[in-house]
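Visitor: Below are the structure tokens for one structure; questions will follow.
The values are calculated or read from the model by the stated rules, or taken from the named source; none is laboratory data. Keep in mind that this is a model prediction, so the values were computed, not measured. Because the Cβ atoms are built from the backbone with ideal geometry, glycine has one as well, and the counts that use them run over all protein chains shown. For accessibility, only protein heavy atoms count, side chains too; no ligands or nucleic acids. Shrake-Rupley method; radii C 1.70, N 1.55, O 1.52, S 1.80 Å.
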Amino acid sequence: MSATRDFPRPGRRVTADDRARMLRVDQAGEFGATRIYAGQLAVLGDRHPDARIIAGMAAQEERHRKIFDAMIARRGVRPTALQPIWNVAGFALGAVTAAIGPRAAMACTAAVETEIDRHYAEQLAELANEDAELAATITDFQAEEVEHRETAIARGAEQAPAYPLLSGVIRLGCRAAIALSKRI
């Protein structure tokens with residue numbers, strides 16, 4: 001798949017298919033985020049000092065997912081067929097990083113939110129003024145994703161064991177999930 005087929009080139013109108021791909025991948029990403037946080041909370045429990053923070057971020061991701069679910073239904077967009085995989089993979093990623101330790105869980109959040117921030121910025125650049133509802137939704141959610149990243153860094157993400165490697169692997173996985181969810 002070429003980059004020109006994944007998202008439109010600058011100066012080209014965003015088609016209905018382009019917007020459908022954007023919605024499909026955004027809904028999949030928000031679903032994956034809810035599963036990552038579920039995995040983290042399953043391991044850390046509700047008494048860990050970070051549990052309240054993680055639960056708050058999870059609630060925001062759940063709100064994002066519900067809004068994208070409604071947009072997908074209203075616009076007749078086919079969701080990704082990979083959702084069962086993202087269900088298991090997201091939970092496993094959250095559980096494994098939390099099992100390494102709370103800083104690794106925060107490193108996971110920082111890595112994922114870094115990629116989502118980048119992804120949303122690319123989508124906003126492509127949308128320009130062509131879909132006000134989708135652009136406003138993405139703008140709102142992007143601000144919360146940046147907050148999640150900043151919170152994770154403040155909670156010790158960068159002090160996680162092997163942080164550069166852990167972050168790099170998670171970010172690569174996010175980019176792969178984004179690419180796959182656009183099409184499948």
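Visitor: Pick from segment 100-125 the residues that are within 19 Å of G39 (Cα to Cα) and of a type outside the set (A, V, I, L, M): which of them is surrounded by the most Cβ atoms within 10 Å (Cβ to Cβ)?
Guide: T109
Visitor: Select from segment 54-78 the residues that are part of a loop (DSSP other than H, G, I, E, B), under 20 Å from I178 (Cβ atoms) and open to solvent by 60 Å² or more (accessible area, probe 1.4 Å) and list them in ascending order. Walk me through it before giving the result.
Guide: Of the residues in segment 54-78, the ones part of a loop (DSSP other than H, G, I, E, B) are 76-78.
Next cut, under 20 Å from I178 (Cβ atoms) only: 77-78.
The answer is R78, and nothing else.
Visitor: Okay, moving on. Would you check if T97 is without any contact (Cβ under 8 Å) to a residue 60 or more places away in the chain, of a type in the set (S, T, Y) and outside any loop (DSSP other than H, G, I, E, B)?
Guide: Details: without any contact (Cβ under 8 Å) to a residue 60 or more places away in the chain: no; of a type in the set (S, T, Y): yes; outside any loop (DSSP other than H, G, I, E, B): yes.
It is false that T97 is without any contact (Cβ under 8 Å) to a residue 60 or more places away in the chain, of a type in the set (S, T, Y) and outside any loop (DSSP other than H, G, I, E, B).
Visitor: In addition: If I filter segment 126-145 down to residues being part of a helix (DSSP H, G or I) and touching a residue at least 60 places away in the same chain (Cβ under 8 Å), which single residue comes out as surrounded by the fewest Cβ atoms within 10 Å (Cβ to Cβ)?
Guide: Among them, the one singled out is E133.
Visitor: Scan segment 14-29 and report the pairs whose first residue is within 14 Å of A177 (Cα to Cα) and whose second residue is among the small types (G, A, S) and part of a helix (DSSP H, G or I), with Cβ atoms within less than 7 Å and a gap of 6+ or a chain change.
Guide: R24/S181; V25/S181; A28/S181
Visitor: Same structure, new question: Take P79 and decide whether it is in contact with a Leu (Cβ under 8 Å, 6 or more places away or on another chain) and either among the basic types (K, R) or more than 18 Å from A135 (Cα to Cα) (or both).
Guide: Working: in contact with a Leu (Cβ under 8 Å, 6 or more places away or on another chain): no; either among the basic types (K, R) or more than 18 Å from A135 (Cα to Cα) (or both): yes.
The answer is no for P79.
Visitor: Out of all the residues in segment 45-89, which are under 16 Å from P102 (Cα atoms) and not small (G, A, S)?
Guide: Restricting attention to segment 45-89, the residues satisfying the condition of being under 16 Å from P102 (Cα atoms) are 45-58.
D46, R47, H48, P49, D50, R52, I53, I54, M57, listed by residue number.
Visitor: Here's another thing I want to ask about it. Would you mention how many residues in segment 146-184 are part of a helix (DSSP H, G or I), over 14 Å from the mean Cα position of the chain (by Cα) and not acidic (D, E)? Full working, then the answer.
Guide: The first filter runs over segment 146-184 and keeps only residues part of a helix (DSSP H, G or I), leaving 146-154, 157-159, 163-183.
Then drop every residue that is not over 14 Å from the mean Cα position of the chain (by Cα), which leaves 150-154, 157-159, 163-169, 183.
Filter once more, keeping what is not acidic (D, E): 151-154, 157, 159, 163-169, 183.
The total comes to 14.
Visitor: Of A51, A95, which residue is at pLDDT 95 or above, small (G, A, S) and open to solvent by less than 50 Å² (accessible area, probe 1.4 Å)?
Guide: Values: A51 fails: at pLDDT 95 or above.
Going through A51, A95 in turn, the sole match is A95.
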